[in-house]
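Structure, as structure tokens:
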Amino acid sequence: MEENMYGKVLHFEDGTSSICNVAAVLKNVKTGEKRVHWGANLVTTEGDKYYAEAAVGAPSWAVGGIRLGIGTLDPPAKGDTDVETELAGGEGEQVIDATYPKVSDTDGDNTGSGPAVVSWRVTYDTNSAIGANITELALVDSITAPTKALTRVKFSAQFTKTTNDTLKVFVNHTFQGV
């Protein structure tokens, strides 16, 4: 994966590319080994509205959590409302961690935090999100029946989470005043 001054760059098969601002940190509870899987996210049209409304008051909808998926490695699109193919049995459905979203995240596993960065985090224990070929996620209004997505993410490569792993997923949105 190429790197530039903004971070790692993910190149999609259709020729588009995006900065990797999502980290899925798998930690094996038996060995302590950590593996980071990078992803690039796109704030959707509904996500743009969410952040605009949040800037002047309260958004008209709430982010309910994250859904992990096993869809193809096509890039996200502005009109996306969910993952392409959900992880079997609802395994990837998880609410946002209690103290998130936040700015200037102090979690040492979140290498993308900063003073102009909104960080979202979801934590899966060893008994949840068990599955192979995880390739995508979406921050959605409802983890069981989403109609809106704040963002859609594709990982640079598929990965597997087993019962020996915990998983922390960080989704970072940098505000550049443009």
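Points worth noting:
- Candidates P76, P101, P59 - the one that is surrounded by 15 or more Cβ atoms within 10 Å (Cβ to Cβ) and touching a helix residue (DSSP H, G or I) at 6+ places or on another chain (Cβ under 6 Å): P59
- Per-region count, the stretch 150-178, residues touching a Gly at 6+ places or on another chain (Cβ under 7 Å) and of a type in the set (A, V, I, L, M): 2
- Members of the stretch 136-151 that are of a type in the set (S, T, Y) and under 17 Å from V43 (Cα atoms): S142, T147, T151
- In the stretch 43-70, the residues that are part of a helix (DSSP H, G or I) reach residues that are surrounded by 13 or more Cβ atoms within 10 Å (Cβ to Cβ) and β-branched (V, I, T) with C-beta atoms within less than 7 angstrom, at least six apart or across chains, in these pairs: G47/T151.
- Against the numbered list (1) of a type outside the set (D, E, K, R); (2) outside any loop (DSSP other than H, G, I, E, B); (3) touching a strand residue (DSSP E or B) at 6+ places or on another chain (Cβ under 8 Å), G89 comes up short only at (3).
- Selection status of K102, basic (K, R) and within 17 Å of L26 (Cβ to Cβ): no
- Subset tally (residues that are among the hydroxyl-bearing types (S, T, Y), closer than 23 Å to P75 by Cβ and at pLDDT 90 or above) for the stretch 151-178: 2
- Filter result (surrounded by 21 or more Cβ atoms within 10 Å (Cβ to Cβ) and aliphatic (A, V, I, L, M)) within the stretch 144-160: A149, L150, V153
- Checklist (1) of a type outside the set (F, W, Y); (2) at pLDDT 95 or above; (3) surrounded by fewer than 22 Cβ atoms within 10 Å (Cβ to Cβ) applied to A138, failing item: (3)
- Yes/no for G69 being crowded, with 17+ Cβ neighbours inside 10 Å, within 15 Å of W120 (Cβ to Cβ) and within 16 Å of the chain's Cα centre (by Cα): no
- Output for the stretch 98-147, where each listed residue is in contact (Cβ under 8 Å) with a residue 12 or more places away in the chain and small (G, A, S): S104, G112, S113, G114, A116, S119, S128, A129, G131, A132, A138, S142
- Total residues in the stretch 148-166, condition among the aliphatic types (A, V, I, L, M) and more than 12 Å from the chain's Cα centre (by Cα): 1
- Filter pass, T144 being in a loop (DSSP other than H, G, I, E, B), closer than 11 Å to G65 by Cβ and not hydrophobic (A, V, I, L, M, F, W, C): yes
The values are calculated or read from the model by the stated rules, or taken from the named source; none is laboratory data. Treat the numbers as computed from the prediction; the structure is a model and nothing was measured. Quick reminder, even Gly has a Cβ in these numbers, built from the backbone with ideal geometry, and neighbours come from all protein chains shown.
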